[in-house]
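All remarks here apply to the structure that follows.
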Amino acid sequence: MKLTIRYFAGAREQFGVSQEIVDIDASELRIDCLRRRLASRDERMAESLRVDRPLRTAVNHEMVNETFVVREDSEIAFFPPVTGG
């Protein structure tokens, strides 16, 4: 299945990309499993996307939890914690 992955804030800066299209060999996949797959690609991704790190996720513009199941042609957005002042 093809998924559009969008990265925001620190994740976007760390990866040097704001968006990518990935092809996953599955018909559906939970968000936590998707994070593990993406994190396994390299050290930068492993650090930012590890499952025990707080990270907000939206699928098709709706906030979801880690057990949400994504399907073909979904857009997944990862939002790392941010601080302000």
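Read-outs throughout are calculated quantities, based only on the coordinates presented, and are distinct from any laboratory measurement. From a predicted model like this one, the values you see are computed outputs, not experimental measurements. Counting neighbours? That spans all protein chains shown, and the Cβs are built from the backbone with ideal geometry, glycine included.
Of note:
- Counting beta carbons within 10 Å around each of Thr57, Thr4 and listing the fewest first gives the order Thr4, Thr57.
- Remark: relative contact order (the chain) = 39 percent; criterion is Cα-Cα distance under 8 angstrom and separation of 6 or more residues.
- In order through the range 16-26: 3J(HN,Hα) via Karplus (6.51 cos²θ - 1.76 cosθ + 1.60), integer Hz, x for Gly, Pro: x, 8, 9, 7, 8, 10, 10, 10, 10, 7, 6
- DSSP beta bridges in the chain [antiparallel fraction, %, rounded to 5]: 80
- Counting every other Cβ atom within 10 Å of each residue's Cβ, Asp42, Asp32, Asp52 order from fewest to most as Asp52, Asp42, Asp32.
- Around Arg71: net Lys/Arg minus Asp/Glu count, Cβ-Cβ under 12 Å: -2
- With neighbours defined as other Cβ atoms within 10 Å of a residue's Cβ, the residues Val59, Val69 order from fewest to most as Val69, Val59.
- The residues neighbouring Arg53, those whose beta-carbon lies less than 15 Å from its own, together hold a net charge of 0 under the Lys/Arg +1, Asp/Glu -1 convention.
- Loop-located trypsin sites (Lys or Arg not before Pro) in the range 8-45 (DSSP state not H, G, I, E or B) with no more than 15 neighbouring Cβ atoms inside 10 Å: Arg41.
- With contributions of -39500 (n - 2.57) from each DSSP H run of at least four residues, the per-residue ellipticity at 222 nm computed over the chain stands at -7000 deg cm²/dmol.
- The residue among Leu3, Ala39, Val69 whose Cα reaches farthest toward the positive pole of the charge dipole of the chain, with charges on the beta-carbon of Lys, Arg, Asp and Glu, is Ala39.
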